[in-house]
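Everything on this sheet refers to the single structure shown next.
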Amino acid sequence: MARERTLLERFRSPEPDAARTIRENTGQLADSVMENLRKLLNSLQGNSPIRDEYGIPPIVDLLHDFPDAIGGMRKAIKATIERHEPRLKRVNVRHVESPDDPLALNFEISAELVTEDEKATVQFSTRIDGLGHVGLKGR
């Protein structure tokens, strides 16, 4: 099935010689989801010409409530993923304290990939720096 990569990914790199299969490649699907989350979480709400709610709220809007802002940011990340990444279900976002990096917010994201055959779980680590940039790594 062609759900492993988004439509734009397939346009950028069509892979005309790739063998056709009806089985999903879970690794490609997870990589595609991670790339989409990277774009999604680095987009600010109100800046998308297509949908105002695409992305996360600007971190500066939450900082005046710090440290209570951590819960708000966790909820915003979870809601954004659930709304805009249909290839994930049972999304869980958890704050991770980092005494070595007090100016960054760190979250762990875990979810189930929506696949036809197997039950696959993905985990990502995020780091939101003081400028609001979200770094995302697969685990």
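So which pairs qualify, if the first residue must be in segment 57-76 and more than 20 Å from residue 91 (Cα to Cα) and at pLDDT below 80, the second must be open to solvent by less than 30 Å² (accessible area, probe 1.4 Å) and not in a helix (DSSP H, G or I), the Cβ gap must be under 6 Å, and the two must be at least 6 apart or on different chains? Once the first residue is more than 20 Å from residue 91 (Cα to Cα) and at pLDDT below 80 and sits in segment 57-76, its partners that are open to solvent by less than 30 Å² (accessible area, probe 1.4 Å) and not in a helix (DSSP H, G or I) give 59/132. Whenever a residue of segment 113-139 is farther than 15 Å from residue 81 by Cα, its partners that are at pLDDT below 90 and not in a loop (DSSP other than H, G, I, E, B), lying with C-beta atoms within less than 6 angstrom and at least six residues away or across chains, give the pairs 120/26; 128/105; 128/134; 132/59. Of all residues in segment 83-107, those satisfying the criterion of being touching a residue at least 24 places away in the same chain (Cβ under 8 Å) and closer than 23 Å to residue 53 by Cα are 83, 84, 85, 86, 87, 88, 89, 95, 105, 107.
The values are calculated or read from the model by the stated rules, or taken from the named source; none is laboratory data. The model shown is predicted, which means the values in this text are computed figures rather than measured ones. Backbone-built Cβ (ideal geometry, glycine too); neighbour counts: all protein chains shown. Accessible surface is based on the protein model in full, side chains and every heavy atom, while ligands, DNA and RNA are left aside. Shrake-Rupley method; radii C 1.70, N 1.55, O 1.52, S 1.80 Å.
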